[in-house]
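Novice: Dropping a structure here in structure tokens format, bear with me for questions.
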Amino acid sequence: MLKTGVQIKTASFPPLWRWRDDLQELKDTGISRIMVTIPWLLVEKCPARFDFSLFDEYFDEAVRTGFELILAPDMTSPPLWIREEPEHCIDNAKYRRLLLNFFRGVADAYGEESFLHAWNLTDLAVEPCSCADTRELFCRCLQSRFERVELLNEKWHRNYFSFEYVPTETPECFPDSAETMAFLDFLRLREENFIREVVEELSSRSGRKVGIFLPPRMVESLDGASGAVGITLEQRSSELEQVLTLASAADTFHGAGLKIIEKTAHSSYTVREAPLQASALYRLLWNSVAYGAEEVVLGEWDKDAVCNALTADDFHFGERKHMLRLFKEKIASADSILEGWKPESGSVAIFRSRVSERFLQMSGIYLKQALASFRGWIRSLAESSTPFSVCTEATLDLLKDKKLLILPGTPVITNAAGNRILEFVRRGGILLCEPECGAWSSNGVALRPDSRFIAEATGVCEMARVPAENTLLRFKYGKKVFSLSSGSSLVPLKTLRKYTEVIVPYKNDTAILESIAYGKGKILLPGAFLGTAAATERNIELENFLNALLDKVSPEYNLITPSCRVISGRSSRSRILFIFGGGKTGRIEINFNKSFWKKHALRDLISGKRISVSGTGNIRTIRFVPDPSGVAVLCEESKIG
């Protein structure tokens, strides 16, 4: 069952007498966990002398009321005596020792306590630095990688006299600077090593059941490291923005328990935000359940802050508490049915390159479109209720059960990843590969068009970008006509007669969209970043094109009602559909294959209504009206009880 919690800002602890009332109020709404930040400056006012008395009474009272605690050590606010030190870089041996001593002190104080549920490290980050200690470490890193500077010069086409002369950044560099890529890779390893040391300090001094919430970028690098994935959501972001984050995280870390943490939005007295609607809070909780989250930590609970989104006395506070109580009641009654729930991953995958993400940290208009395109494809898949998976270089085994793979303008495709992707196509898969995939090496060196992995596989070379004279691509695919936005620029593709099917011709024997048979499958090459059209708003045409690509791969249900989302999956007892209607949804209608359910007697776990099934032949139809929140959870009626 999904567990819920709230955050308590350390500087906002109420008087102890009112703290008891607040705790009882939280417990009545179904909250069972509290997350508290422990700032460094408050607990180590003198070197190696820790004092946690500020927290003790509050923690004791919370434990007596039945709460579990999530503690977040905060190293961003060092004590005054440390601020007087000249060096504040983790590469400085003394400062690093003091930092780790802080985490060790917190772990010694609370690690073995029975009330400790987890450590939260999702906000833990290491700032880039160019101090002497960092530069020395960078030189050692280069030396371990190349052994001799001559080998570096040969690989990078440079002429350095020694490793000490390699700059951490080159001011005049372009996005394909090997120096910049090497330094970014070094920063990643530097952060990984530090967080690994922190995790070891906390885990070695904590009980067996104490979890660690890690930032998503660190989970694969640390091989889990007994940690869970901590996903941060903006408190006041729209439902769709939250859904995109949840969908991407759920499919990237398939099978891992997600920990959702709201990032509190702070309003000012002069600019007041719209109140946090109770329905939005309720739908966030059900969306979290649908995407497989194990717990949700809501924003700060601070009744003294006039502008606090969660607790502000804005005529909606009572409604928000009611919705929390209602969710507690509904999730408890559905717990046995939802046990073991996992959303389906479907037959579609989208590639998310970890190597490219490091590359995308560099500035450059060539790279920003790749990020927008990835976001657009995720939005289109989520909006069209198409189950999908997100695979990385480490999880390409997921492709064995897929039919369609989307490469959204991925700048770096390693040789190993490229071979696995092409093998997927040879077995009969469909690959949609946007422009400039594999245009750079993992070292950050730009590759010639004829040496990129798609060109080597198919012989089709990309030309240079050109401004789009007409930003609308109109073409026929299958039996349907589509009009897709191309964005501000095009990447024309050379055609190979007898080998390529030109879908959208361009100038001088080039094309903007072509199809190539490859093994038992095919490769679709658009000369435009098609996903960018849906990066900021829904694009129905792109969703229709996706459905045309899927054809027989499409899910076993067909959503007739617009502005609704469906998430299909299975629990240990039943197939389940989570349905999220739009703001003014009335009746919802869905068609599905007769084999979709074993039984055709359905019930909505939220409203309690029995859903009748109609239709003959291979198609069945359900029509029903959800409760006022627009959320429904359908399962077979025979499984209830």
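The values are calculated or read from the model by the stated rules, or taken from the named source; none is laboratory data. Only a predicted model underlies this, so the values are computations on that prediction, with no experimental measurement involved. Glycine gets a Cβ as well: all are built from the backbone with ideal geometry, and neighbour counts include every protein chain shown. Ligands, DNA and RNA are excluded from the accessible area calculation, which covers all protein heavy atoms including side chains. Shrake-Rupley method; radii C 1.70, N 1.55, O 1.52, S 1.80 Å.
Novice: Non-local amide H neighbours of Leu490 (under 5 Å, H modeled in plane, Pro and chain starts lacking H): which ones?
Specialist: The answer is Val466, Ala468.
Novice: If I model a spin label at Leu472 and Glu154 as a point 7 Å from the Cα along the Cα→Cβ vector, what separation in nanometres do I get?
Specialist: Output for this residue pair reads 5.7 nm.
Novice: Using 0.36 nm per residue, how much length does the chain from Val445 to Ser53 gain when fully extended, once their Cα-Cα distance is taken away? It would help to have the intermediate numbers written out before the result.
Specialist: Details: separation 392, 0.36 × 392 = 141.12 nm, distance 5.48 nm.
That works out to 135.6 nm of additional length.
Novice: Let me ask something else. Taking 51 Å as R0, compute the FRET efficiency from the Cβ-Cβ separation of Glu197 and Ser612 and round it to 0.05. Write down the numbers at each step before the final one.
Specialist: Numbers: r = 60 Å, r/R0 = 1.17.
So, using R0 = 51 Å, E works out to roughly 0.30.
Novice: Okay, next question. In the full protein assembly as shown, how much of Asp108 is accessible to a 1.4 Å probe, in Å² to the nearest 10?
Specialist: Asp108 has an accessible surface of roughly 100 Å² with all protein chains in place.
Novice: Leaving out ligands and nucleic acids, and using a 1.4 Å probe, what accessible area per residue does the chain come to in Å²?
Specialist: Working: 28920 Å² over 641 residues.
Heavy-atom accessible area per residue stands at 45 Å².
Novice: For the pairs Lys498/Lys522; Lys9/Lys263; Lys400/Lys522; Lys330/Lys594; Lys259/Lys303; Lys479/Lys594, note any where the Cα-Cα span goes beyond 21 Å. Before the final figure, lay out each step's value.
Specialist: Numbers: Lys498/Lys522 15 Å; Lys9/Lys263 12 Å; Lys400/Lys522 16 Å; Lys330/Lys594 29 Å; Lys259/Lys303 25 Å; Lys479/Lys594 26 Å.
Beyond 21 Å between Cα atoms: Lys330/Lys594; Lys259/Lys303; Lys479/Lys594.
Novice: Straight-line reach from Lys155: which aspartates and glutamates have a Cα under 12 Å away, not including same-chain ones fewer than 8 places off?
Specialist: Glu179
Novice: Within the accessible area of the chain, what % is carbon and sulfur when the probe is 1.4 Å and the other protein chains stay in place? Write out the running numbers ahead of the final one.
Specialist: Values: 14400 of 28920 Å².
The value for the chain is 50 percent carbon and sulfur by accessible area.
Novice: Go ahead and run the numbers for FRET between Asn593 and Glu87, Cβ-Cβ distance against an R0 of 51 Å, rounding to 0.05.
Specialist: Values: r = 65 Å, r/R0 = 1.28.
Efficiency at R0 = 51 Å is approximately 0.20.
Novice: For Thr536, tell me the accessible area in Å² from a 1.4 Å probe, rounded to the nearest 10.
Specialist: Approximately 120 Å² for this residue.
Novice: Could you work out [θ]222 nm for the chain from helices alone, using -39500 (n - 2.57) per DSSP H run of at least four and dividing by all its residues? Round to the nearest 500 deg cm²/dmol. Walk me through the intermediate numbers first.
Specialist: Numbers: 18 runs with 208 residues, N = 641.
Result for the chain, helices only: -10000 deg cm²/dmol.
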